[in-house]
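In what follows, a structure is listed as structure tokens, so that the remarks can point back to it.
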Amino acid sequence: MRRLLSVISLCALAACAGEGPGRQYVVFFGQGSAELDDVSQSVVTKIAAKARHYSDRVVVVEGYARQNGDLSAESLLAVLRAKAVARQLVADGVAEGRIRETTRPPSNAEGVVGSRRVEIELLAQ
């Protein structure tokens, strides 16, 4: 578990590396959770700063969930994760009208941890 947390933390830090729009940023969530932990909240805050800098870009927030048991519950979890990130982006100063929330159907293609995420991308309008 400790190793998993280290990997997640490194991935969270890597999500904010680099400059400019046109790349994907990733926010990870705990199993069965749509709550932003401190690390994830920090990542979203840094992405919000980039989004404010590139004010001509649309912020696409795409929620993912794991394919596990009750697919409708997992689909709802993907929606709630995307909404949690969008709310934090708005709280951090990104105009709500610039944010586009989408979700993917539940999948295990990216593994257990990889399917518990939200991807954020700054795209040209």
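Where a number appears in this text, it was derived from the coordinates with a stated rule and is not lab data. Here the structure is a predicted model, which is why all the values come from computation and not from measurement. Glycine also receives a Cβ, built like all others from the backbone with ideal geometry; neighbour counts cover every protein chain displayed.
Let's test the formula: R0 of 25 Å, r as the Cβ-Cβ distance of S72 and Q24. What FRET efficiency results, to the nearest 0.05? Once the sixth-power term is evaluated, E becomes 0.40.
Placing a label point 7 Å from the Cα of V58 along the Cα-to-Cβ line, the residues of segment 82-101 whose backbone N sits under 13 Å from it are 97-101.
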